[in-house]
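Each reported figure results from applying straightforward, stated rules to the coordinates on display, with no laboratory input. The model shown is predicted, which means the values in this text are computed figures rather than measured ones. Note: ideal-geometry Cβ built from the backbone for every residue, glycine included; neighbour counts use all protein chains shown.
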There are 2 protein chains.
Amino acid sequence: MEVSIFGRKDMQEILEMKEVIEGVKAVYKLKAEEETAVWPLVSYDFEEPAGVMDIKSGYIRGNINLHGAKMLNTFWGNDNVNTPIFNGLLMVFDSNTGVPLGMMDASYVTCMRTGAAGAIGVEVLARTDSRKLFILGAGKQASFQIAATLILMPGIEKVYIADALSYENAVNFADRMPEVLRKDFKILNREYVDFEAIEDMAAGVGDSDVIITITPSRSPVIKKEWLKPGTHLSCVGADMKGKVEIDPEIFTNAKIYADDKKQCMEVGEMELAVKKGIITEKKVVGEVGAVIAGLIPGRETKDEITVFDATGVALLDLVTAKIAIDLAKEKGLGRKAEI
Amino acid sequence: MEVSIFGRKDMQEILEMKEVIEGVKAVYKLKAEEETAVWPLVSYDFEEPAGVMDIKSGYIRGNINLHGAKMLNTFWGNDNVNTPIFNGLLMVFDSNTGVPLGMMDASYVTCMRTGAAGAIGVEVLARTDSRKLFILGAGKQASFQIAATLILMPGIEKVYIADALSYENAVNFADRMPEVLRKDFKILNREYVDFEAIEDMAAGVGDSDVIITITPSRSPVIKKEWLKPGTHLSCVGADMKGKVEIDPEIFTNAKIYADDKKQCMEVGEMELAVKKGIITEKKVVGEVGAVIAGLIPGRETKDEITVFDATGVALLDLVTAKIAIDLAKEKGLGRKAEI
């Protein structure tokens, strides 16, 4: 049978953020409606050379109807041998027959669906009149968060970029961003957005309506006292034990949402707050998909603080793979191989 | 980076049983030397349509040094829609960098490594003067068992084929076998081997030195009283809960070996014997790899009964994938894609 084979470059040509957002939203909703299964995580720590691998897998029923697995490898020493640190493959299968549909590079898929996830948290939970966005992190992933958020929130006019380790990096990132939006994401109608690198994080956070955190930090950066009432935070960087980006005290008077409640409590931004006993499971309102499905309330007043903790589930990769396969067919792009 | 992409037909052209046997043997040995890791199995039962999927994964250190995962889907209803019942993909990565090496069809790999495994059990544990082989099962897998065993045991002159459900099927299988050996396995120097379908299983088993069972049976077929002293049995078909091919009483006075001891006790041929209390863990001598590595004894007398319980581990698929990648390079076959 014919199987779609897409490399990193194919995926960049094929995928469109708008479509990925719609797919991720649909999957969040199906998850809340119990139309998905997230299978157990398999992970392993390599000793020599130091590395981590994990296998995430799952199943989406409904009209999407596919299942699959993603293996992602992280080998920090690769930098020294001029090889990417992250490498991975994703395979998807038709859940009616088990026939393979596609095998593809997993890294670009991960970036796209992670951008979509953070932005969906903003659309669903932030104040609709939000004008200013603060991004903590100026790495590769940050541009995906910005692109997706600008698509969903056309009212945003200002984006602060903060890099706790290097202001210079934030400046370079802010300078490049308009071109990245046009070239990499084909977003042509956001010339009015002003990108500003900011050194004084307290000032930037205090002036913003929406915060997205997308760093590998292992100690809290965003302080509770910096936030103004009505702020929304999408916490995306913390996705494994020990990672944390915001003061755990922020959770005490926030409305808390998760992409996957159990996983967020174990390895997400809320891990530390749970471990410290600052919050318990009861304090989590629910999953963002349940808000999308109309099963639980989202933001109810303009002054409340909302937090979306996004740790990532394989279901998002699977639906993004499906979108890639469908778009490739439509556009006549990508490759097929007889398998 | 360039990744090897092989379909079912590519694998048939590329792989050679001799090489697969060497690879599987090396991995069994590395496993005994604790140079491998078998990661937790992920499995799922689909309800509508009925199906099963499992993800097997693992890591081989030493000079092989790769890791990966295989997802295999079984959808029984596919027969009705003219689609294979088994479908799967295998992905392998370099364990120094996490860079993907190959993505390929998993079904032919599974057949080849399973054939090699059963035959290695014969080579390691059967009497070296074995002349007659009895195969229970005349399905697709049986020819792989025969081909591998004939390569390792050139003294075998007679092969009995038994199909408990259809003697006619066994007859057809026996008739086809000489051509299958020549065409599918390129084994040209075994013209002296006589293939005979046999209806009287007691007689066939009693006349044989080696038994290989390769059926999906769920009740014992081979009776204890049929066996002559000194017989070796490689039990390959029983690889999940409830599957069983030989009388569990056979284990009481046999020397028992496993491919993976824990897995065999849970889902292998010995599952029923363990559950019935006929044997305990102590009765299992060890893993076949430990015999190959010279760590434990194999057969010690010409009269003892030996049993090799082979349930299959992902490590065998991974090494077979590596062999395919290396052979493809050597032969200038297969495809590569930029991923």
- Would you order A:Leu188, A:Leu89 from fewest to most other beta-carbon atoms within 10 Å of each residue's own beta-carbon? A:Leu188, A:Leu89
- Compute the separation of the alpha-carbon centres of the stretch A:1-74 and the stretch B:41-84 and state it in Å as a whole number. 16
- Message: Among the listed pairs B:Lys56/B:Lys276; B:Lys70/B:Lys331; A:Lys25/A:Lys70; B:Lys158/B:Lys329; A:Lys9/B:Lys140; A:Lys241/B:Lys283, which have their C-alpha atoms separated by more than 31 angstrom in this model?
- Response: B:Lys158/B:Lys329; A:Lys9/B:Lys140; A:Lys241/B:Lys283
- Run through the other copies and list how far each one's label point is from that of B:Gly77, in nm with one decimal, shortest first; the point sits 7 Å from Cα along Cα-Cβ. 4.9
- Any idea how far apart A:Lys275 and A:Lys302 come out in nm if each label point goes 7 Å out from Cα toward Cβ? 3.9
- Size of charge dipole - the stretch A:158-273 - debye, nearest 20, with Cβ of Lys, Arg +1 and Asp, Glu -1, no other charges: 360
- Message: If you restrict to DSSP beta bridges whose two residues both lie in chain A, what percentage is antiparallel, to the nearest 5?
- Response: 50
- Note on the structure: Expressed as a whole-number percentage, the relative contact order of chain B with C-alpha contacts under 8 angstrom and at least six residues apart is 22
- Using only alpha carbon pairs under 8 Å that are at least six residues apart, calculate the relative contact order of the stretch B:141-262 and give it in whole percent. 21
- Message: Taking every DSSP beta bridge with both residues inside the stretch A:119-312, roughly what % is antiparallel (nearest 5)?
- Response: 0
- Query: Is the shape of the stretch B:1-40 best called rounded, prolate or oblate, per the rule: a/c under 1.5 gives rounded, else a/b larger than b/c gives prolate, else oblate, with a ≥ b ≥ c the square roots of the Cα gyration tensor eigenvalues?
  - Reply: oblate
- Report, for A:Asp175, each distance to the same residue's label point in the other copies, shortest first and in nm; define the point 7 Å along Cα→Cβ. 8.0
- Quick one: A:Val27, A:Val38, B:Val122, fewest Cβ neighbours within 10 Å first, how do they rank? A:Val38, B:Val122, A:Val27
- Note on the structure: Measuring from the longest principal axis of the C-alpha atoms of chain A, the long axis of helix A:167-183 (C-alpha) lies at a number of degrees, nearest 10, equal to 50
- Angle between the Cα long axis of helix B:142-152 and the longest principal axis of chain B, 0 to 90 degrees, nearest 10? 80
- Task: Report the dimensions of the stretch B:194-310 along its three principal axes from the alpha-carbon atoms, largest first, rounded to Å.
- Result: 38, 32, 23
- Query: Taking neighbour Cβ counts within 10 Å as the exposure measure, how do B:Cys111, B:Cys264 sort from fewest upward?
  - Reply: B:Cys111, B:Cys264
- Task: In whole angstrom, note down how far apart the Cα centers of the stretch B:152-221 and the stretch B:224-241 are.
- Result: 15
- Per the C-alpha gyration tensor (a ≥ b ≥ c, the square roots of its eigenvalues), the stretch A:32-183 is rounded if a/c is under 1.5, else prolate if a/b beats b/c, else oblate; here it's oblate
- Task: Can you tell me the dipole magnitude for chain B around its Cα centre, using point charges on the Cβ only (Lys, Arg +1; Asp, Glu -1), in Debye to the nearest 20?
- Result: 480
- Under the definition of partner shielding as Cβ atoms of other protein chains within 10 Å of a residue Cβ, what is the mean value for peptide B:82-94? 5
- Message: Quick check on chain A: take the gyration tensor over C-alpha atoms, sort the square-rooted eigenvalues as a ≥ b ≥ c, and tell me if it's rounded (a/c under 1.5), prolate or oblate.
- Response: rounded
